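Q: One structure is given below, represented as structure tokens, and several questions about it will come after.
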Amino acid sequence: MYEFDYHRPTSLDDAASRLGDADAKLVAGGMTLIPTLKLRLAKPSQLVDLGALPQLKGITEDGDAVVIGAMTRHVEVNRSSVVKRAIPALAALAGMIGDPAVRNRGTIGGSISNNDPAADYPAAIVALNATVRTNKREIAADQFFTGLFETALQPGEIVTAVRFPKVAQANYQKFRNPASRYAIVGVFVAKTPAGVRVAVTGAGACVFRVPAMETALARSFTPDAIKDIAIPDADLNSDIHASAEYRAHLVTVMARRAVAACA
Ligand SMILES: Cc1cc2nc3c(=O)[nH]c(=O)nc-3n(C[C@H](O)[C@H](O)[C@H](O)COP(=O)(O)OP(=O)(O)OC[C@H]3O[C@@H](n4cnc5c(N)ncnc54)[C@H](O)[C@@H]3O)c2cc1C
């Protein structure tokens, strides 16, 4: 690793001001960032550790929503009695991330800021129509994930929490890579008050919705309603793990399983 200055601010304002240096990087659980530094894929001169900011941690109920602090670890979401009761599919998803070491260090804020194309949380955030809170504003799920490892976050912006509307009828199905445990394809289906939402991760450069499935499921919330809906494979990922054609096939299979599990 290269040399860098390490800061551990105790206020959000201090953390934000440290980001004034264009060469500064936030560190949450370090699950992605530290290997990136070790491999010399990034060379920040300043590391700003969010670990001493208690206001970024924890899970609270807020009326018809659950608010999860950015520094909340996957294991805490998985085990939370609040999340299990209000949005059981979200607790289950957190339990499918990586392995115990990853779940004990990785955070929801780090995961969504990194926006790995195969990460699990983006599918939940988009399907559940969540809102990402930062130190500057609120960003709707549909606007947050903008591309491969890209988000709507501006320089100096820190994710502080994610607000999830409570949705009881939802399910996430993941076809995982047996080595990394990342999603080859993951599909989150949610029946929200505003309609059915279907979000796919792992298949493309970034999480995406499937409007044709959402319309069909709004008419009939059954696996058979989407059995003939095929996803075009032209823009899907193709690698040593799965071809684009296979991923397209998996989207329909996983979506049908998710709808069946909702019932
Ligand atoms: C072996 C392995 C297996 C994994 N398997 C899965 C899997 O199956 N599914 C899955 O979804 N994920 C998986 N992950 C990713 C993991 O879940 C972590 O969430 C992810 O690596 C981010 O790590 P982190 O939270 O420690 O953030 P860090 O690594 O500390 O940070 C990641 C990036 O986000 C930025 N950042 C961090 N916090 C904030 C914030 N609050 N605001 C703005 N920017 C911020 C950092 O500057 C950095 O660029 C895996 C990781 C590993 C190493």
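The values are calculated or read from the model by the stated rules, or taken from the named source; none is laboratory data. Just so it is clear, the model here is predicted, and its values are computed rather than measured. Cβ sites come from the backbone with ideal geometry, for glycine too, and all protein chains shown count toward neighbours. Side chains included, ligands, DNA and RNA excluded: accessible areas come from the protein's heavy atoms. Shrake-Rupley method; radii C 1.70, N 1.55, O 1.52, S 1.80 Å.
Q: Pairs LYS25/LYS84; LYS191/LYS227; LYS174/LYS227; LYS25/LYS166; LYS25/LYS57: which are spaced more than 24 Å apart, C-alpha to C-alpha? Don't jump to the answer; show the numbers that get you there.
A: Working: LYS25/LYS84 33 Å; LYS191/LYS227 18 Å; LYS174/LYS227 18 Å; LYS25/LYS166 33 Å; LYS25/LYS57 19 Å.
Where the Cα-Cα span goes over 24 Å, the pairs concerned are LYS25/LYS84; LYS25/LYS166.
Q: Can you give me the accessible area per residue for the chain, using a 1.4 Å probe, in Å²?
A: Numbers: 11980 Å² over 263 residues.
On a per-residue basis, 46 Å².
Q: Tell me the carbon and sulfur percent of the accessible area for the chain, rounded to whole percent, probe radius 1.4 Å. Kindly include the intermediate steps, with their values, before the conclusion.
A: Details: 6050 of 11980 Å².
Ligands and nucleic acids excluded, carbon and sulfur reach 50 percent.
Q: Next question. Between SER11 and ARG85, how high is the FRET efficiency from 1/(1 + (r/R0)^6) when r is the Cβ-Cβ distance and R₀ = 45 Å? Nearest 0.05. Each step should come with its number before you reach the end.
A: Working: r = 33 Å, r/R0 = 0.72.
Calculated transfer efficiency: 0.85.
Q: For ILE240 and ALA194, what does the FRET efficiency come to when R0 = 35 Å and r is the distance between their Cβ atoms, rounded to the nearest 0.05? Before the final figure, lay out each step's value.
A: Details: r = 39 Å, r/R0 = 1.11.
That gives a FRET efficiency of 0.35.
Q: While we're here: Could you order ILE87, ILE59 by accessible surface area, starting with the largest, using a probe radius of 1.4 Å? Show your work: numbers first, answer last.
A: On the way: ILE87 0, ILE59 40 Å².
The ranking, largest first, comes out as ILE59, ILE87.
Q: With all protein chains present and a 1.4 Å probe, how do LYS174, LYS136 order by accessible area, largest first? Don't skip to the end; give the middle numbers.
A: Details: LYS174 30, LYS136 125 Å².
Of LYS174, LYS136, the descending order of accessible area is LYS136, LYS174.
Q: Please give the Cα centre distance for the range 77-91 versus the range 113-189, rounded to the nearest Å.
A: The two parts, judged by their Cα centres, are 16 Å apart.
Q: Once ligands and nucleic acids are excluded and a 1.4 Å probe is used, how much of ARG181 is accessible, expressed in Å² to the nearest 10?
A: Accessible surface of ARG181 is approximately 90 Å².
Q: A further question on this structure: Quick one: net charge around ALA15, please, counting Lys, Arg +1 and Asp, Glu -1 for every other residue with C-beta under 13 Å from its C-beta. Mind showing how you got there, number by number?
A: On the way: positive: ARG8, ARG18, LYS25, LYS136; negative: ASP13, ASP14, ASP21, ASP49, GLU157.
Local net charge: -1.
Q: Counting every Cα pair in the range 78-154, what percent are over 16 Å apart?
A: 51 percent
Q: Here's a follow-up. Counting residues in the range 86-233 as N, plug N into 2.2 N^0.38 Å and put the Cα Rg over that result. Intermediate results must be reported in sequence, preceding the final value.
A: Working: Rg = 14.8 Å, N = 148, 2.2 N^0.38 = 14.7 Å.
Ratio of Rg to 2.2 N^0.38 Å for the range 86-233: 1.01.
Q: Quick one: plug the Kirkwood hydrodynamic radius of the chain (C-alpha pairs) into Stokes-Einstein at 10 °C, 1.306 mPa s, and report D in µm²/s.
A: For these conditions, the coefficient is 85 µm²/s.
Q: Check every DSSP H run in the chain and write down those whose alpha carbon atoms cover 18 angstrom or more along the long axis and whose mean Kyte-Doolittle hydropathy is -1.0 or greater. Walk me through the numbers on the way to the answer.
A: Details: long enough: 244-262 (27 Å, 0.49).
Helices meeting the criterion: 244-262.
Q: Hey, another quick one. Net charge around PHE175, counting only other residues with Cβ within less than 15 Å of its Cβ (Lys, Arg = +1; Asp, Glu = -1)? Intermediate results must be reported in sequence, preceding the final value.
A: Working: positive: LYS174, ARG176, ARG181, ARG247, ARG256, ARG257; negative: ASP120, ASP239, GLU245.
Residues close to PHE175 contribute a combined charge of +3.
Q: Based on alpha-carbon atoms only, what is the radius of gyration of the range 1-125 relative to the globular estimate 2.2 N^0.38 Å? Could you put the intermediate results ahead of the total?
A: Working: Rg = 15.2 Å, N = 125, 2.2 N^0.38 = 13.8 Å.
This ratio for the range 1-125 stands at 1.11.
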